[in-house]
1. If you take the residues in region 145-156 that are over 17 Å from the mean Cα position of the chain (by Cα) and surrounded by 15 or more Cβ atoms within 10 Å (Cβ to Cβ), which one is nearest to residue 346 (Cα to Cα)?
2. Got a number for residues in region 41-53 being exposed (fewer than 13 other Cβ atoms within 10 Å of the Cβ) and either within 30 Å of residue 128 (Cβ to Cβ) or without any contact (Cβ under 8 Å) to a residue 60 or more places away in the chain (or both)?
3. Can you pull out every residue in region 78-108 that is under 19 Å from residue 498 (Cα atoms) and of a type outside the set (A, V, I, L, M)?
4. Condition test on residue 99, is it in a helix (DSSP H, G or I), in contact (Cβ under 8 Å) with a residue 40 or more places away in the chain and among the polar types (S, T, N, Q)?
5. Is it the case that region 108-119 has a residue that's out of contact with any strand residue (DSSP E or B) (no Cβ under 7 Å at 6 or more places or on another chain), over 30 Å from residue 246 (Cα atoms), modelled with pLDDT of 90 or more and assigned to a loop (DSSP other than H, G, I, E, B)?
6. Is it the case that region 179-196 has a residue that's closer than 24 Å to residue 339 by Cβ, modelled with pLDDT under 95 and not polar (S, T, N, Q)?
7. Any idea which of (1) surrounded by fewer than 19 Cβ atoms within 10 Å (Cβ to Cβ); (2) not in a loop (DSSP other than H, G, I, E, B) is the one residue 244 doesn't satisfy?
8. Looking only at strands (runs of 3 or more DSSP E) that lie completely in region 1-95, which have at least 3 residues being modelled with pLDDT of 90 or more and under 18 Å from residue 354 (Cα atoms)?
Amino acid sequence: MHVMILGCRGVPSRHGGFETFAHDLSLFLAARNHEVTVYCQAGAGSRLSEDMWHGVRRVFVPAGDGAWGTIQFDWASVRHASRENGVALTLGYNTGVFNYLLRMRGIPSVMNMDGLEWKRVKWSGMPRAWLWLNEVGGAAAASHLVADHPEIGRHLQRHTSPSKITVIPYGAEALPSASAEPLEQFGLQSKSYYLVIARPEPDNSILEIVRGFSRRPRPAKLVVLGNYQPGITPYHQSVVDAAGPDVKFAGAVYDREVVKSLRYHATAYIHGHRVGGTNPSLVEALGAGNAVIAHDNRFTRWVAGEHARYFADADQLAEVLDALESDPSQLARMEHESRMRHEQSFEQERVLAAYEALLARVAERASAEVAPATFGVGGIDGTGILSAHQWAHSLALGAQGAAEGAEQGRGSPQRRAAVRYKLRVPVTFHWNDGVEHSADGFTSDLAANGVLILCHRLPPIDSPIRIEVFAPVSGAGERTKIECFGRVARVVEHTEQSAFGVHGAFDHEHLAQETLVHA
């Protein structure tokens with residue numbers, strides 16, 4: 001299948017949880033012989049372009065900075081995906097209403113609904129209303145929803161049926177070891193620091209963590225990752241002002257190997273997120289065997305489990321740190337329990353395989369809904385004779401219309417050329433430009449008056465062409481071949497896979513042969 005991943009800034013991951021997830025999922029799917037496209041945000045003023053990265057097709061979409069730039073990027077990505085053939089995976093619902101375009105174009109889509117974004121403290125007024133609207137609209141527009149946490153799944157049931165929701169948490173690779181060498185650049189040693197990895201926002205309790213840690217001198221440092229801009233952002237300034245001498249702001253670190261080293265060698269991981277579902281950073285801490293100290297809420301308690309330590313404010317965090325420092329033997333037990341919790345629920349390959357299975361199920365269901373009886377009635381049963389036009393006409397009518405057409409005769413059924421279908425079935429095509437040529441491809445768009453074929457070899461524009469469409473036989477586990485003629489109307493060239501459009505391929509006025517035979 002072809003999976004299109006939208007909603008992240010791109011791969012390889014250099015930003016946050018969605019990018020890390022897209023990085024891992026795209027490589028996983030590509031390694032399992034799926035076609036994968038990831039939409040990546042490029043700078044304003046650049047041109048739309050594509051390349052291949054470890055078997056993953058990347059489409060670079062130009063957009064500006066900030067929130068408006070993100071909206072531009074998401075809209076342009078959805079428009080591009082709506083012209084493709086495959087199943088879309090949208091990460092986050094911040095522009096979920098855009099997925100109505102995919103729905104209108106017949107593209108099945110799965111949406112990871114992320115957390116309760118509109119409830120975050122930083123939003124108010126119009127931004128909060130926009131996010132709430134997109135939560136509701138995204139839930140309605142997508143074919144299926146993924147909740148990364150049981151609480152998110154329960155929340156989404158107010159917008160849609162429970163049967164449309166699947167709970168799949170984030171996963172992470174287990175980290176059994178990591179080099180200590182990257183610590184040198186930060187002046188750190190193994191087990192000499194607590195670690196915080198989070199965006200510097202109020203919802204992530206950074207200020208409370210820094211204040212609680214800085215209540216008194218401690219035997220370990222507090223290392224805080226993130227891009228802080230004191231003097232520009234008031235919240236950032238308040239965090240920096242609250243920090244004692246043992247707090248180290250290490251900046252934004254995107255090198256995955258460096259982050260792994262920082263995680264693995266930390267005394268404990270402190271997690272302050274208050275809103276959202278299963279946080280990827282917390283899952284990665286469990287996979288690294290970190291002792292976890294987390295903000296006390298229904299989301300983190302389900303993820304980190306009963307053996308983590310919890311705090312509600314700066315005073316409670318100070319008490320937790322004091323207790324652990326007075327009895328460091330507790331840390332070893334907490335580390336063991338973190339690894340057990342990870343192995344139980346958040347092992348990465350199982351999570352990615354669950355996404356693969358869900359995407360395949362949604363794509364298959366969408367294909368069945370398009371033409372459930374196309375290959376099972378009106379003679380398309382592997383034994384009868386059916387013209388290519390009648391076959392295309394049965395697509396337009398659907399199951400009931402196809403059955404009626406089979407009973408009423410096959411002379412001149414009403415044409416529905418405007419109806420298009422996203423059917424991906426193999427084809428072989430032949431043309432002659434003085435020399436006989438043959439090549440293979442797949443259908444992308446299919447209508448009663450033409451077809452768009454994805455391929456690597458392109459016939460000349462306006463050349464007559466003979467097409468053999470290989471269609472599955474309903475319930476037989478076999479394929480039949482529909483042979484017809486047309487003319488190349490347009491050619492679309494891409495870096496990795498090109499396409500050409502054929503006019504009249506399924507129009508009985510232009511057919512030279514109208515028989516169905518076994519392939």
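The values are calculated or read from the model by the stated rules, or taken from the named source; none is laboratory data. What you see is a predicted model; the values in this text were computed from it and never measured. Every residue, glycine as well, gets a Cβ built from its backbone with ideal geometry; the counts of neighbours run over all protein chains shown.
1. Of everything passing the filter in region 145-156, 150 is nearest to residue 346 (Cα to Cα).
2. 6
3. 79, 80, 82, 83, 84, 85, 86
4. Answer is yes for this residue.
5. No, there is no match, as no residue in region 108-119 is out of contact with any strand residue (DSSP E or B) (no Cβ under 7 Å at 6 or more places or on another chain), over 30 Å from residue 246 (Cα atoms), modelled with pLDDT of 90 or more and assigned to a loop (DSSP other than H, G, I, E, B).
6. no
7. The failed condition is (2).
8. Ranges flagged: 2-6, 87-91.
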